[in-house]
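Peer 1: Dropping a structure here in structure tokens format, bear with me for questions.
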Amino acid sequence: MNLVRCEKGHFYDKDKNGDHCPYCAQMASAASSAPSPAPAAPAPGASAAAPVQTAAPQTGQTAAADSMMDTEDNCTIGYYSRVIGVEPVVGWLVCTEGEYKGESFKLKSGRNFIGRAANMDVVLSADHSISRFKHAAVIYEPRSRQFIVTAGESRELCYLNGDVVLSNMKMEAYDVLNLGNTSLMLVPCCGKRFSWENGLEKEPEDNE
């Protein structure tokens, strides 16, 4: 699998889809297929030649685009909230070394930014060797059920299993992310056997 990121921020398999992002294609298809609104009828007593001033309604294309933009901003959190009523956990980062050793940090679908600031998704305020804002990000991509780590916007580095993270890198269960003096181990909830869309799936039987 060759994960790449399109200009809209979607991750997809380049080996399967080439240079064309399938999520962008779905957005374009939804916008083009939405019906156009019917023209407003003239008010009673108004001249047929006189245009009636009405507020511009939201078109189907605009509604579809707004919906897609909301999906991009919130990944699948909006979908999960509609289905089960809460923002569900998709996994945890468990601290194995550092100030938070033994503690866990909840991961949600989409981007989980790591830093010392209180508005980060994973707050590590006690480790002053970690940047305040967006030292790194752990992403859960629900369509492929994959965890991905990416470098943040700070000048500080992070490492996955000892290798420096300079671009998107896939994370597997029990992989260790090192930031400053902190080590965080990935413990997934969602993945091949479980998703919030399909629930727990049976483990494939060994036919050998």
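Peer 1: Show me, for region 174-183, the HN-Hα J-couplings you get by feeding each phi into the Karplus relation (A = 6.51, B = -1.76, C = 1.60, θ = phi - 60°), rounded to Hz, glycine and proline as x.
Peer 2: Coupling constants for region 174-183: 6, 5, 10, 9, 10, 10, x, 9, 10, 10 Hz.
Peer 1: What net charge is computed for the residues neighbouring Y159, neighbours being all others with C-beta under 13 Å from the C-beta of Y159, Lys and Arg scored +1, Asp and Glu -1?
Peer 2: Result for the local shell: -4.
Peer 1: I need the phi-derived Karplus couplings for region 152-159: 6.51 cos²θ - 1.76 cosθ + 1.60, θ = phi - 60°, integer Hz, Gly and Pro marked x.
Peer 2: Values, residue by residue: x, 9, 8, 7, 6, 9, 9, 9 Hz.
Peer 1: Right, here's the next one. Kindly report the accessible area of region 85-208 per residue (heavy atoms of protein chains, probe 1.4 Å, no ligands, DNA or RNA), in Å².
Peer 2: Accessible area per residue, region 85-208: 55 Å².
Peer 1: Could you rank the peptides 169-177, 104-112 by their average count of other C-beta atoms within 10 Å per residue, with the highest value first?
Peer 2: 104-112, 169-177
Peer 1: Same structure again: Convert each backbone phi in region 90-101 into a coupling constant with the Karplus relation 6.51 cos²θ - 1.76 cosθ + 1.60 (shift: θ = phi - 60°), then list the ³J(HN,Hα) values in order as whole Hz, x for Gly and Pro.
Peer 2: Once θ is set to phi - 60°, the couplings for region 90-101 become 10, x, 9, 9, 9, 6, 9, 8, x, 4, 10, 3 Hz.
The values are calculated or read from the model by the stated rules, or taken from the named source; none is laboratory data. In this text, all values refer to a predicted model and were calculated from it rather than measured experimentally. Please note: Cβ atoms are built from the backbone with ideal geometry, for glycine as well, and neighbour counts cover all protein chains shown. Ligands, DNA and RNA are excluded from the accessible area calculation, which covers all protein heavy atoms including side chains. Shrake-Rupley method; radii C 1.70, N 1.55, O 1.52, S 1.80 Å.
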